[in-house]
Amino acid sequence: MKGIKLFILVVSGFALTALSCTEKKEIPKPNILFAIMDDVTYMHMSAYGCDWVNTPNFDRIASEGILFQNAYTPNAKCGPSRSNILTGRNSWQLEEAVNHWADFPVKFKTVAESLSENGYHVGYTGKGWAPGIAKNEDGSPRDLLVNRYIEIKLTPPTAHISNVDYAANFEVFLNEKESEEPFFFWYGGLEPHRGYEYGSGIAKGGKNVAQVKDEDIFSFWPKVDSVRTDLLDYAFEIEYFDKQLGKMLDQLEAAGELENTLIIVTSDNGMAFPRIKGQEYEYSNHLPLAMMWPAGIKSTGRKVEDLVSFIDLAPTFLEVAGISEESSGMEAITGRSLTDLMYADKGGQLTEDRNFVVIGKERHDVGRPNDEGYPIRGMIKDGMLYLKNFKTDRWPAGNPETGYLNTDGGATKTVVLNSIYSPDTFKYWNWSFGKRNEEELFDIKNDPDCMRNLAQEEEFQDLLKTMRRELVTELTEQGDPRMFGKGDLLESYTYTDKNSVNFYERYMNGEKVNFGWVRKTDFQNVSEIETYQQMEKGKNSIQLDKK
């Protein structure tokens with residue numbers, strides 16, 4: 001009798017396995033639409049409660065899917081951040097691609113290339129991986145996102161918004177795919193990257209400066225109308241991106257593709273304002289992230305609080321596409337697939353071990369002697385942000401005499417720069433452009449503006465040592481050259497943009513070099529700054545004429 005029962009169980013098991021395999025084969029691989037804004041801090045989407053930015057399509061993704069409360073990029077600058085997304089590896093694991101304006105190493109295959117090799121129709125519109133240069137082993141051009149769709153143009157609402165018709169190019173892409181072929185499409189909006197048309201948020205977006213309340217202006221900027229206007233121009237461009245996203249959702253619905261499309265919406269780094277983009281503070285790296293997939297994410301409207309990193313996106317794409325990391329052809333992935341969070345049935349903190357992320361940078365934009373960067377490493381854990389600044393003798397946002405080139409030019413930057421000329425407002429300049437301590441520690445749960453550095457306060461010394469030790473341990477495991485005394489290697493990689501090589505020396509020697517993203521009024525004299533620093537300390541009362 002036992003033998004008969006065993007036989008029945010075995011046969012039943014084979015039948016169930018066969019049925020399970022059959023069912024898996026019948027479920028089509030999902031499409032993936034990855035929509036990425038250019039320079040947006042996480043709270044500036046209406047789904048996060050911002051009432052002066054209206055993003056109904058992002059909000060739809062969040063309400064019909066998942067809104068992530070704690071998503072971070074490892075590196076708050078366009079090129080490195082996008083490298084992290086495409087490879088599933090942190091910046092310090094990417095050789096030349098650790099830097100902005102890099103030569104992308106041949107050895108690192110991207111997730112888009114892997115999907116293309118595994119039966120996916122792959123393409124993108126707008127901004128892909130940039131800025132930088134990628135080549136194949138034979139020196140031929142290499143597109144890290146495979147196929148570009150930018151031919152269809154439109155007349156944008158302002159001169160600084162891209163003339164690429166994102167939605168129309170997406171439609172061309174959809175029409176080119178085979179009926180049963182899954183797709184991966186990267187919608188890379190160039191908005192709200194600077195520059196902005198000053199006043200466009202009011203004149204064309206129907207906004208009013210009164211909408212931006214004092215509490216909406218971060219502590220490190222003056223609460224003045226020119227800053228409010230700048231924020232509304234930023235909002236106008238976010239809303240433009242969102243409208244194009246809405247058109248794409250409509251196209252998917254009309255094509256019958258929406259149900260089985262995983263849609264992910266995010267940004268590459270924080271907003272292009274002083275002390276944010278290009279730095280490694282809370283608003284620099286903490287980014288919006290929402291995803292929806294009607295056929296795959298069944299428990300919707302959830303808010304997930306686990307700490308997730310951009311390096312988690314590539315393994316997520318591979319897993320939902322049914323491609324193992326081993327067969328993907330990609331270099332060892334550091335990130336971890338987000339599918340466990342996607343398939344969960346509740347919100348909040350879902351896992352115990354997604355409790356930290358690591359961040360950092362090397363060299364971003366030009367403007368320091370010898371093409372030096374400003375290397376930082378950091379860790380976010382338990383509501384705290386720990387930062388290690390390796391070269392505190394350098395200017396964090398670039399040198400004054402070349403215009404602080406790691407901060408894009410704009411109205412708020414001008415206001416903050418002008419604040420240097422009075423002891424009453426000097427603090428605004430200092431927070432954005434002044435030199436920093438070797439270690440910084442912030443309670444980002446209660447001080448997200450990162451105003452109070454706790455690193456030298458006695459009661460936080462044990463926590464400081466713990467976070468320092470944990471960061472070093474994690475980076476050592478990841479093979480970060482700085483943990484092995486090889487930081488110079490990361491700084492030795494030259495700019496792939498030849499116009500940027502030796503920028504500082506050429507500019508100081510009188511050459512007219514290109515620096516289109518900075519205003520001539522942004523330049524300041526170091527001796528003048530030193531005088532104002534003395535004023536701030538009360539050492540003298542000299543009044544300099546602003547020139």
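The values are calculated or read from the model by the stated rules, or taken from the named source; none is laboratory data. On a predicted model such as this, the values are computed, not experimentally measured, just so you know. Using ideal geometry, Cβ is built from the backbone for each residue, glycine included, and neighbour counts are taken over all protein chains shown.
Residues checked against (1) part of a helix (DSSP H, G or I); (2) in contact with a Lys or Arg (Cβ under 8 Å, 6 or more places away or on another chain):
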{"site": "F220", "(1), (2)": "no, yes"}
{"site": "T229", "(1), (2)": "yes, no"}
{"site": "D250", "(1), (2)": "yes, no"}
{"site": "E257", "(1), (2)": "no, no"}
{"site": "I276", "(1), (2)": "no, no"}
{"site": "E280", "(1), (2)": "no, yes"}
{"site": "M291", "(1), (2)": "no, no"}
{"site": "A295", "(1), (2)": "no, no"}
{"site": "K298", "(1), (2)": "no, no"}
Name the single residue that is surrounded by the most Cβ atoms within 10 Å (Cβ to Cβ) among those in the stretch 32-47 being over 17 Å from the mean Cα position of the chain (by Cα) and not in a strand (DSSP E or B).
A47
Tell me yes or no: at least one residue of the stretch 126-142 is touching a Leu at 6+ places or on another chain (Cβ under 7 Å), modelled with pLDDT of 95 or more and among the hydroxyl-bearing types (S, T, Y).
no
If E459 satisfies every condition in (1) in a helix (DSSP H, G or I); (2) under 24 Å from the mean Cα position of the chain (by Cα); (3) among the acidic types (D, E) but one, which is the exception?
(2)
Would you pick out the residues in the stretch 354-376 that are closer than 30 Å to T339 by Cβ, touching a Leu at 6+ places or on another chain (Cβ under 9 Å) and buried (at least 20 other Cβ atoms within 10 Å of the Cβ)?
R354, V357, V358, I359, G360
Identity of the residue in the stretch 457-510, surrounded by fewer than 12 Cβ atoms within 10 Å (Cβ to Cβ) and polar (S, T, N, Q), that ends up modelled with the highest pLDDT
T473
Being more than 21 Å from the chain's Cα centre (by Cα) and either at pLDDT below 95 or closer than 15 Å to N118 by Cα (or both) is the filter here, so list the residues in the stretch 313-339 that pass it.
E319, V320, A321, G322, I323, S324, E325, E326, S327, S328, G329, M330
For the stretch 51-73, name all the residues that are in a loop (DSSP other than H, G, I, E, B) and either at pLDDT below 95 or aromatic (F, W, Y) (or both).
W52
Only one residue in K127, K77, K135, K153 is without any contact (Cβ under 8 Å) to a residue 24 or more places away in the chain and among the basic types (K, R). Which one?
K153
Is one or more of the residues making up the stretch 331-353 among the hydroxyl-bearing types (S, T, Y) and either closer than 15 Å to N399 by Cα or buried (at least 22 other Cβ atoms within 10 Å of the Cβ) (or both)?
no
How many residues of the stretch 317-326 are surrounded by fewer than 24 Cβ atoms within 10 Å (Cβ to Cβ) and touching a residue at least 24 places away in the same chain (Cβ under 8 Å)? The answer is 5
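Specify which of the listed residues (D371, D306, D345) is of a type in the set (D, E) and under 21 Å from Y42 (Cβ atoms).
D306
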Top-ranked residue of the stretch 219-268 - restricted to ones that are of a type outside the set (D, E, K, R) and free of Cβ contacts under 8 Å to residues at least 24 places away in the same chain, ranked as farthest from P423 (Cα to Cα)
G256
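Does the stretch 460-476 include one or more residues that are in contact with a helix residue (DSSP H, G or I) (Cβ under 6 Å, 6 or more places away or on another chain) and assigned by TED's automatic domain parsing to the domain that holds N389?
Quick first cut of the stretch 460-476, residues in contact with a helix residue (DSSP H, G or I) (Cβ under 6 Å, 6 or more places away or on another chain) only: 475-476.
After this cut, where a residue has to be assigned by TED's automatic domain parsing to the domain that holds N389 as well, the list is 475-476.
Yes - at least one qualifying residue is present in the stretch 460-476.
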Residue match in the stretch 280-294 (condition: surrounded by fewer than 21 Cβ atoms within 10 Å (Cβ to Cβ), out of contact with any Asp or Glu (no Cβ under 9 Å at 6 or more places or on another chain), at negative phi and at pLDDT 95 or above):
no
